[in-house]
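The values are calculated or read from the model by the stated rules, or taken from the named source; none is laboratory data. In this text the structure is predicted, and so the values were computed from the model without any measurement. FYI the Cβ positions are ideal-geometry reconstructions off the backbone, even for glycines, and counts take in every protein chain you see. Each accessible area value is taken on the protein alone, full model and side chains, heavy atoms only, with ligands, DNA and RNA left out. Shrake-Rupley method; radii C 1.70, N 1.55, O 1.52, S 1.80 Å.
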Amino acid sequence: WLGEGLKKPDKKFLREIIYGIQASKDVKLSNISRALGEDIPLIKTETRLSRNAAKADLAEVVNQRLLEGGKTRIKEDTVLAIDIGDIDKPYARAMEYLALVRDGSTGENRSTGYWTIEVIGADVEGEELVPLYGELYSQEADDFVSENRQILKAIDAVVSHVGSRGIWAMDRGGDRGKLLEEILEKGLKFVTRLRGDRHLECDWDKKRAAVLANKCPCTHERTIEIEKDGIRETKRLFLGSKRVYLPGYSEPLTLMVVKGYGERPLMLLTNLDVGKAGLDRILEIYLTRWKCEESYRFIKQGYNLEDIRLQSYTGLRNMVVLVQAVFYFVSVELGRKLKLNILLKKVYEKAKRFFEIPEFRQYAIADGIYRILFSYRAGLREELLKPSPQLSFSFVTLT
């Protein structure tokens with residue numbers, strides 16, 4: 001279904017790339033070509049894949065298919081985590097539209113590369129992740145407008161399929177006025193982390209969020225256990241909230257403040273009914289977005305994404321969205337059809353404590369697929385499309 005509506009050569013290209021990524025656990029065309037096992041010189045396979053990768057931008061088509069497949073799994077309270085990442089290419093020279101990428105922790109430009117954006121659906125209590133959207137972009141590209149426009153483009157694409165279902169969770173940067181205004185106008189629910197210098201209206205006065213947070217009474221106490229580097233410690237968190245408004249908007253919002261975890265208060269802004277949901281639940285919704293960050297780390301490490309060597313911008317965009325499609329297969333298709341028992345050797349247990357990240361099972365699944373396909377020395381063959389009682393990857397072969 002991934003290649004539905006495409007021409008036969010494009011369908012074949014999708015099938016070969018998706019199979020090759022999983023069989024080699026890599027995005028380099030040389031390794032993908034080896035995994036295909038064709039009876040022709042390797043350079044000819046690699047040249048064909050490179051030519052087809054640069055031929056047409058398939059990002060929108062593939063994202064539409066992912067959204068069509070994942071939309072039914074998005075419920076009213078599903079967390080829709082949106083995340084901006086980057087692919088660092090400090091030594092590249094010939095790659096098209098190379099741009100400066102920024103260190104998220106320091107805010108400083110550090111090297112050349114590309115930006116990525118992804119949207120993942122995740123339940124607070126559940127294990128399932130639903131990749132809905134993934135895209136590579138560059139501010140040097142001819143069609144680039146702004147980072148805000150890229151984020152809103154992703155939101156619009158998801159909303160066109162899931163409507164107002166779900167709760168959008170964003171990290172710092174998601175509190176920009178332009179983004180929040182459009183989210184409110186679309187009637188979407190959200191929880192976003194605030195920067196301290198963002199201005200809010202409270203008690204008929206405009207103040208910085210950090211000032212409001214420092215003065216916010218935090219009377220709700222929560223004890224959590226944190227394990228880091230093998231050392232377990234207990235922390236007492238104090239939670240509080242204030243009714244606030246965006247400057248120029250009449251819709252009431254809630255500033256939630258968490259004190260005790262770091263040196264500075266954690267500030268969250270939401271339009272959810274805190275009285276109904278509770279402060280603990282708002283915090284859990286925000287923390288669920290770690291799954292989006294961990295999923296991107298999985299994509300980069302599990303498939304060696306930063307070693308991508310395509311030179312054309314179209315090819316780069318195609319490869320990134322196809323890795324996202326592979327992640328959809330690993331996370332959704334196997335989880336639904338195989339119940340994760342075929343490729344895993346142990347039962348995964350999720351820690352219920354705040355700030356503890358359970359083991360990300362997709363690493364084991366991807367490794368299991370790699371071992372199965374790598375041992376199939378004959379490579380990709382059309383016989384895989386024939387009905388068979390054996391384990392088959394219909395998502396991979398695009399039946």
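Number of residues in segment 46-102 that are touching a strand residue (DSSP E or B) at 6+ places or on another chain (Cβ under 6 Å), over 27 Å from residue 332 (Cα atoms) and either among the aliphatic types (A, V, I, L, M) or part of a loop (DSSP other than H, G, I, E, B) (or both) equals 5. Among the conditions (1) free of Cβ contacts under 8 Å to residues at least 40 places away in the same chain; (2) open to solvent by 60 Å² or more (accessible area, probe 1.4 Å); (3) over 18 Å from the mean Cα position of the chain (by Cα), the only one that residue 211 does not satisfy is (2). When residues in segment 306-318 are screened for being surrounded by fewer than 23 Cβ atoms within 10 Å (Cβ to Cβ) and assigned to a helix (DSSP H, G or I), 4 of them pass.
Condition check ((1) over 24 Å from residue 246 (Cβ atoms); (2) at pLDDT 95 or above; (3) not in a loop (DSSP other than H, G, I, E, B)) across all residues:
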| position | (1), (2), (3) |
| --- | --- |
| 135 | yes, yes, yes |
| 143 | yes, no, no |
| 150 | no, yes, yes |
| 155 | no, yes, yes |
| 159 | no, yes, yes |
| 164 | no, yes, no |
| 168 | no, yes, yes |
| 174 | no, no, no |
| 179 | no, no, yes |
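Taken over segment 5-25, residues that are under 21 Å from the mean Cα position of the chain (by Cα) and open to solvent by 10 Å² or more (accessible area, probe 1.4 Å) amount to 1. Selection of segment 67-77 for residues being modelled with pLDDT under 95 and open to solvent by less than 30 Å² (accessible area, probe 1.4 Å) yields 69, 70.
Against the definition (modelled with pLDDT under 95 and over 19 Å from the mean Cα position of the chain (by Cα)), how does residue 277 come out, yes or no? Judged against the criteria, residue 277 is a match. For segment 239-258, the condition holds for no residue, the condition being that it is part of a helix (DSSP H, G or I) and surrounded by 14 or more Cβ atoms within 10 Å (Cβ to Cβ). Total residues in segment 264-287 satisfying the condition of being open to solvent by less than 10 Å² (accessible area, probe 1.4 Å) and farther than 11 Å from residue 171 by Cα: the figure is 4.
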